[in-house]
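Single-structure report; data block below.
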Amino acid sequence: MNSRSMLNTDRLLLRPERMDDAAVLYHELGCNPAITEYTGWNPYPTFEAAQKKIADDIEEYEKGRGYSWVIELDGNPVGTIGAFGYQPDVSAIEIGYSIFEQAWGQGIASAAVSEAVRFLIKDAGINRVHAWCHIDNKGSQIVLEAAGLKKEGRLKQAMLSADGKPADQLLYGIVSSEYEG
């Protein structure tokens, strides 16, 4: 697993995370409650937490257990995307992403997730890519389906909303034999 791969779409660059990304990730993701409305958690609540998250991500990737990229548009960071929790016994990995609020509605998440899924299945040779989203996160449902993932189920009250209330979680996935990208 080459976790330091750089990926390109017609308008985006997905580059490996770097320690100097901590400030922008903290500011754009950690300080904006709209970003974590549907996740129930915030991996960047402080600058120090952002630094630790990036350091942990880099270590995981160096051990061959995942991938993490900063999404750039015109040379500027607009979000993150990663694949985590690689299970070699079944060749499966979970994908997740966050897009800076000012970049919402521009097709960035759809393009980045589609490219990451393509890379994971075609280049990395991973058999299964899966993701989850909050039942009310219609944007993520559209993004995951646009990337070829199929809705596989619903877990009732399996996560907490940002307000601390239980919420349903939708599960999505795709296996390499179904991938058409």
If we keep only residues of region 22-50 that are part of a helix (DSSP H, G or I) and crowded, with 19+ Cβ neighbours inside 10 Å, then the residue modelled with the lowest pLDDT is 30
The condition from (1) open to solvent by 30 Å² or more (accessible area, probe 1.4 Å); (2) under 19 Å from residue 113 (Cβ atoms) that residue 12 misses is numbered (1)
Per the filter on region 145-181, residues within 24 Å of residue 61 (Cα to Cα) and out of contact with any Lys or Arg (no Cβ under 8 Å at 6 or more places or on another chain) are 147, 149
Checked pairs for region 99-119, first closer than 16 Å to residue 37 by Cβ, second in a helix (DSSP H, G or I), C-beta under 7 Å and 6 or more apart or across chains, list as 99/108; 99/109; 100/28; 109/143
* Does residue 80 fit the bill of being within 15 Å of residue 19 (Cα to Cα) and touching a residue at least 40 places away in the same chain (Cβ under 8 Å)? -> yes
Wholly inside region 83-168, strands (runs of 3 or more DSSP E) that include 1 or more residues that are surrounded by fewer than 17 Cβ atoms within 10 Å (Cβ to Cβ) and out of contact with any Phe, Trp or Tyr (no Cβ under 8 Å at 6 or more places or on another chain) are 150-160
Taking region 41-87 and keeping only residues that are hydroxyl-bearing (Ser, Thr, Tyr) and in contact with a Leu (Cβ under 8 Å, 6 or more places away or on another chain), one is left with 44, 67, 80
Looking across region 169-181 at residues that are farther than 17 Å from residue 97 by Cβ and at pLDDT 95 or above, the single one that is surrounded by the most Cβ atoms within 10 Å (Cβ to Cβ) is 179
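Taking the criterion of being part of a helix (DSSP H, G or I), in contact with a Gly (Cβ under 6 Å, 6 or more places away or on another chain) and either open to solvent by less than 30 Å² (accessible area, probe 1.4 Å) or modelled with pLDDT under 95 (or both), would at least one residue in region 51-66 satisfy it?
yes
Do we have residue 79 as under 18 Å from residue 12 (Cα atoms) and either touching an Asp or Glu at 6+ places or on another chain (Cβ under 6 Å) or open to solvent by 80 Å² or more (accessible area, probe 1.4 Å) (or both) here?
Judged against the criteria, residue 79 is not a match.
The values are calculated or read from the model by the stated rules, or taken from the named source; none is laboratory data. What you see is a predicted model, and the numbers here were worked out from it, not measured in a lab. Counting neighbours? That spans all protein chains shown, and the Cβs are built from the backbone with ideal geometry, glycine included. For accessibility, only protein heavy atoms count, side chains too; no ligands or nucleic acids. Shrake-Rupley method; radii C 1.70, N 1.55, O 1.52, S 1.80 Å.
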